[in-house]
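The values are calculated or read from the model by the stated rules, or taken from the named source; none is laboratory data. If you're wondering where the values come from, they're calculated on a predicted model, not measured in any experiment. So basically every Cβ, Gly included, is an ideal-geometry build from the backbone, and we count neighbours across all protein chains shown.
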Amino acid sequence: MTILIACLSTGKGTWGHVSRVIQDGGFEKVLLITNDYGKENFNKNDKTELIAIKLEQGITDLREGIYNELKSRITTNETEIALNIASGSGKEHMALISALLKLGVGIRFIALTKEGIKEI
């Protein structure tokens, strides 16, 4: 099973990027790390779960919050993680990557390119 995990935060046009990755990627499940605003305003599909985190907290607390939210949603021995960090800040990206590594999962970075969804 391939799960898409993506930041859904700040950055002009990044919500559109994330939406296209979800739409074109064919993932079995999508987990979006966002804030309360994103959870309330992003138009999601049936396979998408929005996880609201207080993004303004310190990086270690942010990492722990993400880790705690993801550990019950990911089965590490049968899951492939596709990661997109086109949206959000460096702090959010570092916390998310650190949480995934702490969970012991492998990741592959994906992005929307002119040729479609590609692993980078």
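Taking the listed residues T48, T60, T75, the one that is modelled with pLDDT of 95 or more, exposed (fewer than 14 other Cβ atoms within 10 Å of the Cβ) and polar (S, T, N, Q) is T60, with no other qualifying. Among the residues of region 92-118, those that are aliphatic (A, V, I, L, M) and outside any strand (DSSP E or B) comprise M94, A95, L96, I97, A99, L100, L101, L103, V105.
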